[in-house]
1. Rg to Rh for region 336-411: what is it, with Cα atoms only and Rh by Kirkwood?
2. Compute the orientation-averaged projected area for region 380-477 from the convex hull of its Cα atoms and round it to one decimal in nm².
3. Kirkwood hydrodynamic radius of region 13-357 from all distinct Cα pairs, in Å?
4. Using Cα-only point scatterers and the Debye equation, what is log10 of I(q)/I(0) for region 33-187 at each q in 0.08 Å⁻¹, rounded to two decimals?
5. Using only Cα atoms, find the angle between the long axis of helix 145-171 and the longest principal axis of the chain, and express it within 0 to 90 degrees, rounded to the nearest 10.
6. Pairing the Cα long axis of helix 176-185 with the longest principal axis of the chain, what angle in degrees results, from 0 to 90 and rounded to the nearest 10?
7. Of all the stretches in the chain, which is the longest one without any exposed loop site, taking GluC sites (Glu not before Pro) in a DSSP loop (any state but H, G, I, E, B) with at most 10 other Cβ atoms within 10 Å?
8. Just how many pairs of Lys in the chain have C-alpha atoms closer than 29 Å, counting pairs that are eight or more places apart or on different chains?
Amino acid sequence: MTNSTDAPSLYAAREPIFPRRVSGPFRHLKWIILIVTLGIYYVTPWIRWDRGPSLPDQAVLLDLANRRFYFFWIEIWPHEFYFVAGLLIMAGLGLFLFTSAMGRVWCGYACPQTVWTDLYILVERWIEGDRNARLRLHRQKKLDARKIRLRLTKWAVWLLIGLATGGAWVFYFADAPNLLRDLVTGQAHPVAYTTMAILTFTTFFFGGFAREQICIYACPWPRIQAAMMDEDTLTVGYREWRGEPRGKHRKAEGAENLGDCIDCMACVNVCPVGIDIRNGQQMECITCALCIDACDGIMAKIGKPRGLIDYLALSDEDREKSGEKPRPAWQHILRPRTMLYTVLWAGIGIAMVIALFVRPEIDMTVAPVRNPINVTLSDGAIRNTYDIRLRNKHGDARQFNLSLNGDPAMRIALEGTPYTSVMVPANATLLQRVYITAPRGSSAAAGGLANIRFWVEDLSNGERAFKDSTYNGRGTQ
C-alpha cells in the first residue's frame, strides 16, 4: 500500500532560468524592437502638438476629465468610441494574421512582457555576469557582502525601470510637464501615485521574478494559438531528420553515422523559457528565435550548414527529407487563411480612415422631454420640449443656428434667448433646451405623432447637420 506522504505533488516549484548571452541576427532584431518600442513608450507623452490656445498641446493624451482622446491631429469624442473599438478589432485580427503566418512572433518580439523581461535580464547580466556567473551566485548558499551588494544593486535598477514604466503610463492621462512637477512636489492626485506604485511593483515582479511564468500560466494566448496555426505556418522548429542521432563528433568508430546535432545544449541554455526545442513544438515556446542564433553559431564552428534549428513549416518536411529545397517563405505567408485576415484587417482600417475624414465638425443629439409629453398653452397651442446637445469640434467658438423641418405652422424657440442661434464654445458641447409649438387648429396640434427634423448650421462657414425626432400633438393625450 502506498503511503499518502509519498504521493507526487501537484505543484512544481519554479526552477529559475538564467539564459546565456547569444549573438545573431534574431538577437539583434530583438534589441532593435526593444529600443524602438520602449523609446516610443517613454518619449511619446513628451511630444508637443499645437492645437490652439483652448486645447491641450500634448500629442497623445487620454483626457479622462474632459472625455477626449487626442492623437496628434486626431481628436476622438466619447460618442466616437467606435474608433477605439475598431482599433481593438484590428489589433485582434493582426494578432491572428501574424500567428497564422509565423507563429507567436508577437510574443517573441513585441509583447510588453517579453520586452521588459529582456531589459531586466540585460540589467541582471550587466551586474551579476553571464549565465555561469549567475548560476554560481544563485547556488551560493552563503549570503556574503558580495551577494548582498549585487542583489541590492540589481533590484534597485529594476525598481527604477519599474518606476519609469509607471511614470510614463500616468503621463498619457495628464499634461506630462505639469504632472511631473506635481509628482515631484507631492501635489499630484493620489490616483497618480497609486497607479505608479501598482505599475512599478507589477513591472518589477513580472519582469524580474515571474518572467516566463506569466507567459505560461497567466497569458491565455499559448492555449489559443493552436487554433491559429496549421502545417503551413512558419515557426521555430528543429530539423530532426538532419540532427538525429545526436552525439559528439569525435574521430571514433560510429561517429560518421551521427546527425548534425552535437548535443551541446546551446539552444536550451539561451532559451528564456527553459525548453528544449528539439523535443518538438511546445506551448511554452514564444518563438523568439534565440535558439536559431545559438545553433547557427555552433554549426558555423563545426563546419555544418546553418538551419538545424530554423523558421520552418511542417508541410516542407517531406520535401526536405527527399533532398528538395523548402518552398519560399512567401508561399507559406500568402495563402487563403492569411489573405482573408489581411483583407478583413485592411477593410476595417480603410473604413475607419474614411469615417475619420468624413465625420462632421458639428454634431447634435436630440432627446424629447417625456414628462410631460406635451403642454397645452393658454391660447390652445401645443408645445413639446426637447434637450438638444450641440457639439462644436472646431478650435474656436462658433455661432450655431437651429431650425426645423416639418409642419410650416410649427415655431421653434430656444430657452434663455429670443433668437434661434446660440454660441457654442470651442471644442465643447452645449446643452440647449428647445421648445416646438404648434398653434391651435393646426394639423400637428390636432394630430398624433408627426415626424420632424432639427437642423443646426454653423453660421461662420455654412456647415450643417440634422437629427430626426417626433412631435406629439393633442391626439396622443
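1. Reported Rg/Rh, Kirkwood definition of Rh: 1.26.
2. 6.2
3. 23.2
4. Ignoring solvent entirely, the Cα scatterers give -0.38.
5. For 145-171 against the chain, the angle is about 20 degrees.
6. 70
7. Of all site-free stretches, the longest is 1-230.
8. 18
We did not get these values from a lab; they are worked out from the coordinates using the rules stated. On a predicted model such as this, the values are computed, not experimentally measured, just so you know. Cβ coordinates were reconstructed from backbone atoms using ideal geometry, including for glycine residues, and neighbour counts include every protein chain displayed.
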